[in-house]
Structures are given as C-alpha cells and as structure tokens.
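Report on one structure; see the data block that follows.
The values are calculated or read from the model by the stated rules, or taken from the named source; none is laboratory data. Computed from a predicted model, the values in this text were never measured in an experiment. As a convention, Cβ positions derive from the backbone with ideal geometry for all residues, glycine included, and neighbour counts pool all protein chains shown. What goes into the accessible areas is simple: the full protein's heavy atoms, side chains included, and nothing from ligands, DNA or RNA. Shrake-Rupley method; radii C 1.70, N 1.55, O 1.52, S 1.80 Å.
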Amino acid sequence: MAYPMSEQDREIQAAARAFVDDLIPYENEAERNGGELPDEVRTRFEARVRDLGWEAINMPKELGGGGFTTFQQALVQEQVGRATNALAWMIHTPASWLPKVASDFQMERWVEPTIRGELRECYAITEEAAGSDVDAIAATAERDGDDYVLNGVKWHVTSFNQSEYLFFQGKLTNGPNAGAHAMFILDNDTPGITVVRTPEYSHTIAHHHPILAFENVRVPASHLIGHEGDGMGFAHEWFRYERLMIGARCCGAAERLIEEASAFAKERMAYGRPIAEYEGIRFMLADSLTELWAARLMTYRTAQGIDEGEDVKVQHAQCSLTKLFASEMANRVADRAVQIFGGRGYMRENVAERFYRELRVERIWEGTSEIQRLIISDQLFKRGVERLVG
Ligand SMILES: Cc1cc2nc3c(=O)[nH]c(=O)nc-3n(C[C@H](O)[C@H](O)[C@H](O)COP(=O)(O)OP(=O)(O)OC[C@H]3O[C@@H](n4cnc5c(N)ncnc54)[C@H](O)[C@@H]3O)c2cc1C
C-alpha cells in the first residue's frame, strides 16, 4: 500500500474506479461521435451517479451534497481522469465556493437545483485579449437603477451546451466601485447572449467551448454574487480547487497509460522477444511510474493539507505545484505511451493517442504552466521553502 487511507476513502476510491471501468469500453464510440455517448448509455450512467449520491460530491452534506473531504474528492477525480473523452465528467463538481457567498435567492434558484443534479453551470471569464491576465478583461457591468447591464465577448466557455446557467465576470463602469471586477450568475438563455461560433478543439468531448457575445444583457442586481469588487476572489478560489483536481485527473490518466502501455509491451513481439524486455521500453515505463508516484503524493498531501485547514496562501502555492508537476508529468507519460504503442499509438482508437491530444490542455487551462511557475516563485520569495514544502 503506497499511501495510508481510511476504510471509507478506499470504498469511495473503489466505487469511482468501478464506475470509470464500466465507462471505458464506450470511449471509442464516443470518439467517433463527437464525444457523445448513446442516449441509453448516458442515461444509465447518470442514474448510477444519482444512486451513488454523487451529483455534487464537493458540496456540504447539510445542503444535500456528498460532503466529501477534499482528499476523497481527489480520489474520485483521479479515477475520473482514467477515462478519455471526458466521459466521467458526469460526476459533476459544481462551484463549491458559491454556497458561502450566494444570497437566499441565488441558493434557491441555482445552487440547490444544481446540488440535486437538475442544473449545470459554466464559466464566462476569458476573453480574446485576456486569458492569463484576467485583470485585462474588457467585459463591462453597468449599474442601471435596480439592474446591471452586461456587455462583452467571452471565449472558451466550456460546457455552455451542457449547462443552464453561467458565471459572467466583468468590470464595473460606474458607481463607487468603478473599475473593480464583479461576478454575476445568469441563465444561459437570458436575452442578449448569443453564440458567436463554436470552434473545434484538439480533444473530442461532448462539452463544447463556444465564443459568446453578451450584448446589453440586463439582469436584476440580485444576480450579482457577493459584492461589487468580489469577482477576482471567487475566480481564485475556483482556480485553487480545479488546479488540484486537474492534478488528480492527470494522475489517473497517467496510471491508465502506464497500465495499458506495460500490458501491450509484454505482448508485443519484436525481433523475437516481447518489447518489454528491451531497456529502451522499460526505462520509459520506469520513468513514468516514478513520476506518477511523485505527482500522486503531491496531490494527496495537498488535498489532505486543505482538509487539515492549511493556510490558504500555502494551499494556493501547493495547488499550483501539484497542477504544474502533474500536468507536465501526464503529458510526458502520454508521449512515452504513444512511443511504446508505435504506429498503433497514433491511431484514434488507441487510448494513448486520445490522451496525447486530451492531456495537452491540462498545461493551459486554469492557468498555464508558466502562470503556475509565476505563482510558485512568488510564494517561494514570500514564504520560503520550509513553509511551502517543509
Ligand atoms: C479547452 C479550453 C477550455 C477552457 N475553458 C474555459 C472556461 O470554461 N471559462 C473560461 O473563462 N476560460 C476557459 N479557458 C481559457 C483558459 O483558462 C485560458 O486559455 C488560459 O488561462 C490561458 O489564457 P490564453 O489562452 O489567453 O493565453 P495567454 O494568456 O495569451 O498566454 C499565451 C502564452 O503566454 C504565456 N504567458 C502569459 N503571461 C505570461 C507571463 N507573465 N510570463 C510568462 N508567460 C506568460 C502563457 O503561459 C502562454 O504560454 C479554456 C481554454 C481552453 C483551451
């Protein structure tokens, strides 16, 4: 046993693994169908998520969520990462930062139905000229009587086609907080929101990433989340959570790749011997396993630190350390797996080919590797080695 876990942790891990193992046989079909599962299959797995009580594992129990510890969530997300084509995203993790700041109206209208699995959300933050530098967003929110009027064009809005509402981040144009960020929650079908276009991306998943235009979108002030000026804080909290879960999913992907590539290496004959007997192949697998364990230890320890109430700045740094290392590790592992599979590794029906494309974005979204390095080095100079990894 490489890592200590409670009985309950192991049960959760096993249930998640079994769920994903049952999804894996559908990957190829999904790859050929734009990432979509046949209706009957999707419905069956969605019912299983409901039966497990896993509609919102990251939400508090008292609100009807799963109440999982951060560590348990990481264990589940690690298994989610083992399937390609985002098939296991149906184990949904809604905005965990929201209940703490949502008004009663927002709780009733969006948060509670989301926890019940009736609604899904998406994020409209990035813009054509503002990605890493979120502060450069040009989207605006103008106070007009009891309403706000929202304008802007948002890029890469993941899951817009699979969701009912969105978070919109804009800069206030008037009032005492002019120039500050504000975050709004609004339904996807609010008048004034249109899809500019839906670009194609490297991966084949059912969740699209359209470019959205917001033209004079009028929402009551009750759609403002928290207070004017709070927008960036919410984004940071979500980044922290997602960065850790990206780390977990990358560990799952790497595990699957190592298992599949080593199984293939034992069978595949070249020059009269299984390729697993050649050092060139063995060393690639050894490096992959070594790096996977390091990434897994980082992921688990960071998650447990959060559960133990670690200082939030240290959490922030450790989530970046984990995301940086795990995402780059998984990309190296995928590259080696393609190489081990040889020509088969370049075929879309092969797991290594799919992961080779799919894992690339893990080094980009929720903050690129370069941005993680900026955060880590900033924290290093502020807090020192001992505080971050001691
Ligand atoms: C598939 C996909 C889904 C996404 N989903 C969403 C979503 O749902 N909602 C949303 O709001 N956004 C989403 N994004 C946006 C994503 O978060 C951004 O793409 C990411 O933050 C990088 O921003 P950018 O693409 O504008 O690149 P840029 O910020 O323009 O960066 C370009 C390059 O410059 C580097 N760079 C930038 N600044 C520095 C610096 N200071 N030092 C060193 N290097 C630097 C970057 O690392 C990168 O290599 C998604 C993106 C993708 C690809």
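In units of the compact-protein estimate 2.2 N^0.38 Å, segment 305-345 shows a Cα radius of gyration of 1.77.
Looking at segment 82-180, the GluC sites (Glu not before Pro) that sit in a DSSP loop and have at most 16 other Cβ atoms within 10 Å of their own Cβ are GLU118, GLU128, GLU164. Once C-alpha pairs closer than 8 Å and six or more residues apart are averaged by separation and normalised to the residue number of segment 86-162, the relative contact order reads 25 percent.
Across segment 66-152, Cα-Cα pairs farther apart than 15 Å form 73% of the total. Taking N as the residue count of the chain, its C-alpha radius of gyration divided by 2.2 N^0.38 Å amounts to 1.02.
Modelled this way, with points 7 Å down the Cα-to-C-beta line, the labels at GLU308 and GLU29 are 4.5 nm from one another. Applying a DSSP loop filter and a limit of 15 other Cβ atoms within 10 Å to the trypsin sites (Lys or Arg not before Pro) in segment 99-138 leaves ARG116. Compared with the alpha-carbon gap, the fully stretched path from ALA136 to TYR346 is longer by 71.7 nm at 0.36 nm per residue.
Amide H to amide H distances under 5 Å link PHE68 with MET59, where only residues 5 or more positions off or on other chains count and H is placed in the peptide plane.
With all pairs of different C-alpha atoms in the average, the Kirkwood value for the hydrodynamic radius of segment 129-248 is 15.1 Å. For ILE125, no residue has an amide H sitting under 5 Å from its own, ignoring neighbours fewer than 5 places away on the same chain, with H placed 1.01 Å from N.
Once you order the gyration tensor axes a ≥ b ≥ c over the Cα atoms, which shape class does segment 12-99 get: rounded for a/c under 1.5, otherwise prolate or oblate by comparing a/b with b/c? Judged from the Cα gyration tensor, segment 12-99 comes out prolate (a/c at least 1.5, a/b above b/c). Rounded to the nearest 10 degrees, the inclination of helix 231-267 to the longest alpha-carbon principal axis of the chain is 20 degrees. Within a straight-line Cα-Cα reach of under 19 Å, LYS171 can be paired with the following lysines, leaving aside sequence neighbours fewer than 8 residues apart in one chain: LYS154. In the context of the full set of protein chains, residues of the chain present 45 Å² of accessible surface per residue (probe radius 1.4 Å, heavy atoms only).
Relative to the longest principal axis of the Cα atoms of the chain, the long axis of helix 369-389 makes an angle of roughly 90 degrees. Relative contact order, whole percent, for the chain stands at 15, derived from Cα pairs under 8 Å and 6 or more residues apart.
Simple rule: put +1 on each Lys or Arg Cβ and -1 on each Asp or Glu Cβ in the chain, find the dipole, and look at ALA74, ALA261, PRO220; the Cα lying farthest toward the positive end is ALA261. For segment 24-176, the calculated P(r), taken from all Cα-Cα distances in 10 Å bins from zero up to the bin holding the longest distance, is 10, 30, 34, 20, 6, 0 percent. In order along segment 95-111, the phi-based Karplus estimate (6.51 cos²θ - 1.76 cosθ + 1.60, θ = phi - 60°) of 3J(HN,Hα) comes to 5, 6, 6, 6, x, 5, 10, 6, 6, 4, 4, 5, 4, 5, 6, 10, 5 Hz; Gly and Pro are listed as x.
Note on LEU63 and ALA18: the extension gain reaches 13.5 nm, defined as 0.36 nm multiplied by sequence separation minus the Cα-Cα distance. What trypsin sites (Lys or Arg not before Pro) in segment 310-353 are in a loop by DSSP, with at most 16 other Cβ atoms within 10 Å of the Cβ? Here the trypsin sites (Lys or Arg not before Pro) that fit, given the DSSP loop and packing criteria, are ARG348. Taking 31 Å as the limit for the C-alpha separation, the pairs LYS61/LYS382; LYS323/LYS382; LYS100/LYS382 exceed it in the case of LYS61/LYS382. Overall form of segment 202-359: oblate. Here a/c, set by the Cα gyration tensor axes a ≥ b ≥ c, is 1.5 or more, and a/b is not larger than b/c.
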